[in-house]
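Derivation of every value follows stated rules applied to the coordinates shown; laboratory data play no part. Quick caveat: nothing in here was measured; it's all calculated off a predicted structure. Every residue, glycine among them, receives a Cβ derived from its backbone with ideal geometry; neighbour counts consider all protein chains shown.
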Amino acid sequence: MIKKYYETKILPSLINCCCGTKPINHQRQKIIPQASGCILEIGIGSGLNLPYYDKSKVSKIVAIEPSDELNKIAQKNALKNDINIELITGVAENIEIEDKSIDTIILTYTLCTIPDTELALKEIKRVMKPGAKILFSEHGIAPDEKVIKWQNKINPIWNNFFGGCNLNRNIPHLIKDAGFKFDAIDQMYLPSTPKFIGYNYWGSASLVNE
């Protein structure tokens, strides 16, 4: 009962707050304006990317999110930003969209949380049109051994309190191992952010066999 109350009444607002900090929103601004055509946002959360789309490039935005509570907030943000989105309550491991129908995939602070990233990235590949791209900004494993030790130590507790979020996933390896190549990738510790949560990877990727 307490767990359900936390997950439905407290966690959505907590995620909205934590994922809407100034450093993270600055990262969103680096990639979201590049999105074009028919767009699929994986784990739209509360819709924090919506203010940064270049509407002149967008034909359609489809968004998938498992949380009903976050979907409600995302819908309000869509109305606020005058953007029409198709919201799907579901998971990345089973995307209810037809094959080869998406031009741009958006992954922002979601690979950390998806339970089965291998299956999710397989589904992403399935729905991508030839020439489609992934735009991503994710936090993950740091390059420093001392920070990694703290990430590994804190991760079990963090995971329980932040909706399944993992501090120590190797984002570049996850994407490359799934059959993608990086068209661009950068990484750094975000300013004004604790190091155990603040190592950020961002850029774009496309299918290897294209």
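Here the residues Leu40, Leu119, ranked from fewest to most Cβ neighbours within 10 Å of their Cβ, fall in the order Leu119, Leu40. The HN-Hα couplings worked out from phi for region 38-45 by the Karplus form 6.51 cos²θ - 1.76 cosθ + 1.60 (θ = phi - 60°) are 8, 10, 10, 9, 8, x, 5, x Hz, whole numbers, x standing for Gly and Pro. Each of Thr108, Ile42, Leu190 was scored by the projection of its Cα onto the charge dipole of the chain, and the greatest displacement toward the positive side belongs to Leu190; charges sit on the C-beta of Lys, Arg, Asp and Glu. Computed with the Debye formula from one identical point scatterer per Cα of region 4-140, without solvent, the log10 of I(q)/I(0) at q = 0.12, 0.15, 0.22 Å⁻¹ comes to -0.42, -0.68, -1.57. Which values of log₁₀ I(q)/I(0), to two decimal places, follow from the Debye formula for region 85-136 at q = 0.21, 0.27, 0.28, 0.32 Å⁻¹ with a uniform point scatterer at every Cα? The Debye formula, applied to the Cα set alone, gives -0.78, -1.27, -1.33, -1.45.
For Lys76, the lysines whose Cα falls under 19 Å of its own Cα, not counting residues fewer than eight places away in the same chain, are Lys9, Lys55, Lys60. In this simple spin-label approximation, Met1 and Asn81 carry label points 7 Å from Cα along the Cα→Cβ vector, and these lie 3.9 nm apart.
Counting Lys and Arg as +1 and Asp and Glu as -1 over every other residue whose Cβ lies under 13 Å from the Cβ of Asn152, the net charge comes to +2.
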